[in-house]
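K.L.:
Handing you a structure now.
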């Protein structure tokens with residue numbers, strides 16, 4: 001079970017940080033004489049607390065950025081839902097300010113470290129810096145802004161973990177009851193631990209297939225690597241130097257442990273037919289040519305209670321924290337004297 005992101009209740013939208021930094025004044029470029037709506041109309045205060053205000057320009061900016069981000073993903077916000085979405089953005093902006101004020105120096109340090117790690121992991125999903133930056137542009141942000149938003153999201157998680165989740169105690173009886181009542185969830189299917197070397201057969205930036213001539217060269221490259229791997233060269237070293245898979249390349253091609261169905265069908269069929277420490281022939285999938293090495297085969301089994309106990313405790317405490325979160329946020333609002341001025 002994965003750790004649930006409690007701040008998902010606060011940052012509900014796909015672009016979690018779009019509302020974290022909003023300009024107080026409109027930006028004017030060139031010598032245009034166009035006048036923005038903010039200049040024509042007063043920048044209305046929509047919510048006010050003891051130490052801050054949230055204005056209409058901030059909500060409008062966040063709404064515009066959210067629409068742009070969703071559009072890049074082929075989604076949209078129906079006009080009929082605009083008022084509801086803007087209200088959620090306003091509430092989230094308030095929660096952001098309240099949670100930020102609760103953060104300690106230790107919270108900030110942990111959040112920065114976690115965000116840096118997450119940023120690096122996300123960056124590795126893309127074949128180049130240019131491809132990564134283009135994806136962020138499509139989502140309406142720059143790399144520095146993306147990193148800042150990740151830090152802020154992790155900061156809110158640290159605050160909630162410390163002030164809400166840490167107060168929750170799950171008994172051994174509760175954990176055992178969950179294990180018994182959800183027994184099938186702890187049945188593990190047959191799994192393998194494997195690595196691979198991938199030679200792409202399409203351009204990683206445009207996702208367009210290579211030409212026949214390029215494919216011929218890629219096939220030759222894959223054949224040479226296969227020969228070297230089967231001759232006993234260090235598979236990890238070959239993967240680090242030649243693999244086109246950005247997610248596993250730095251780990252020497254390591255894909256971790258997985259069950260059937262996680263990979264595409266051709267990969268699954270080849271990988272699960274291999275014996276430990278054996279290397280496959282070239283496997284062709286929609287991604288390219290794969291050379292697969294299986295290190296270990298793990299038979300189907302049931303996860304013992306002692307092994308599952310910690311994950312169950314984390315899951316149950318997270319669920320309980322989610323239940324307590326609305327009351328916690330309400331108390332923060334009450335203590336800060338928050339008043340919503342727009343109904």
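K.L.:
Name the one entry in 311, 245, 250 that is part of a loop (DSSP other than H, G, I, E, B) and surrounded by 13 or more Cβ atoms within 10 Å (Cβ to Cβ).
P.N.:
Among 311, 245, 250, only 245 is part of a loop (DSSP other than H, G, I, E, B) and surrounded by 13 or more Cβ atoms within 10 Å (Cβ to Cβ).
K.L.:
Among the residues of the stretch 199-216, is there at least one that is free of Cβ contacts under 8 Å to residues at least 24 places away in the same chain and not assigned by TED's automatic domain parsing to the domain that holds residue 241?
P.N.:
Within the stretch 199-216, not a single residue is free of Cβ contacts under 8 Å to residues at least 24 places away in the same chain and not assigned by TED's automatic domain parsing to the domain that holds residue 241.
K.L.:
Please identify the pairs in which a residue from the stretch 248-265 that is in the same structural domain as residue 194 (by TED's automatic domain parsing) has its Cβ atom under 7 Å from the Cβ atom of a residue that is surrounded by 14 or more Cβ atoms within 10 Å (Cβ to Cβ) and modelled with pLDDT under 90, counting only partners at least 6 apart or on another chain.
P.N.:
250/124
K.L.:
Looking at the stretch 61-72, I want the residues that are farther than 13 Å from residue 85 by Cα and have a partner that is at pLDDT below 80 and in a helix (DSSP H, G or I) with Cβ atoms under 6 Å, at least 6 apart or on another chain. Which pairs are those?
P.N.:
These pairs meet every condition: 72/138.
K.L.:
Output the number of the condition that residue 72 fails; it satisfies all remaining conditions of (1) surrounded by 17 or more Cβ atoms within 10 Å (Cβ to Cβ); (2) in contact with a helix residue (DSSP H, G or I) (Cβ under 6 Å, 6 or more places away or on another chain); (3) modelled with pLDDT under 90.
P.N.:
Against the list (1) surrounded by 17 or more Cβ atoms within 10 Å (Cβ to Cβ); (2) in contact with a helix residue (DSSP H, G or I) (Cβ under 6 Å, 6 or more places away or on another chain); (3) modelled with pLDDT under 90, residue 72 comes up short only on (1).
K.L.:
Yes or no: residue 70 part of a strand (DSSP E or B) and either closer than 25 Å to residue 339 by Cβ or in the same structural domain as residue 153 (by TED's automatic domain parsing) (or both)? Give the steps one after another, and end with the answer.
P.N.:
Numbers: part of a strand (DSSP E or B): no; either closer than 25 Å to residue 339 by Cβ or in the same structural domain as residue 153 (by TED's automatic domain parsing) (or both): yes.
No; evaluated as a whole, the condition is false for this residue.
K.L.:
Follow-up question, since we're still on this one. Out of all the residues in the stretch 315-337, which are surrounded by 16 or more Cβ atoms within 10 Å (Cβ to Cβ) and either more than 18 Å from residue 159 (Cβ to Cβ) or touching a strand residue (DSSP E or B) at 6+ places or on another chain (Cβ under 6 Å) (or both)?
P.N.:
Passing the criteria: 315, 316.
K.L.:
Turning to a different aspect of this structure: Among the residues of the stretch 293-308, how many are loosely packed, with under 11 Cβ neighbours inside 10 Å and in contact (Cβ under 8 Å) with a residue 40 or more places away in the chain?
P.N.:
2
K.L.:
What is the number of the single condition among (1) surrounded by 12 or more Cβ atoms within 10 Å (Cβ to Cβ); (2) assigned to a helix (DSSP H, G or I); (3) modelled with pLDDT of 95 or more that residue 290 does not meet?
P.N.:
(2) is the only condition that residue 290 fails.
K.L.:
What residue, of 239, 222, 270, 229, is buried (at least 17 other Cβ atoms within 10 Å of the Cβ), assigned to a helix (DSSP H, G or I), within 29 Å of the chain's Cα centre (by Cα) and at pLDDT 95 or above?
P.N.:
Working: 222 fails: within 29 Å of the chain's Cα centre (by Cα); 270 fails: within 29 Å of the chain's Cα centre (by Cα); 229 fails: within 29 Å of the chain's Cα centre (by Cα).
On inspection, the qualifying residue turns out to be 239.
K.L.:
Give the stretch 273-287 a look and list any residue that's more than 20 Å from residue 234 (Cβ to Cβ) and either within 25 Å of the chain's Cα centre (by Cα) or crowded, with 17+ Cβ neighbours inside 10 Å (or both), or say none. Before you say what the answer is, go through the steps one by one.
P.N.:
Going residue by residue through the stretch 273-287, those that are more than 20 Å from residue 234 (Cβ to Cβ) are 273, 283-287.
Correct list: 283, 286, 287.
The values are calculated or read from the model by the stated rules, or taken from the named source; none is laboratory data. All figures in this text were calculated on a predicted structure; none of them were measured in a lab. Cβ sites come from the backbone with ideal geometry, for glycine too, and all protein chains shown count toward neighbours.
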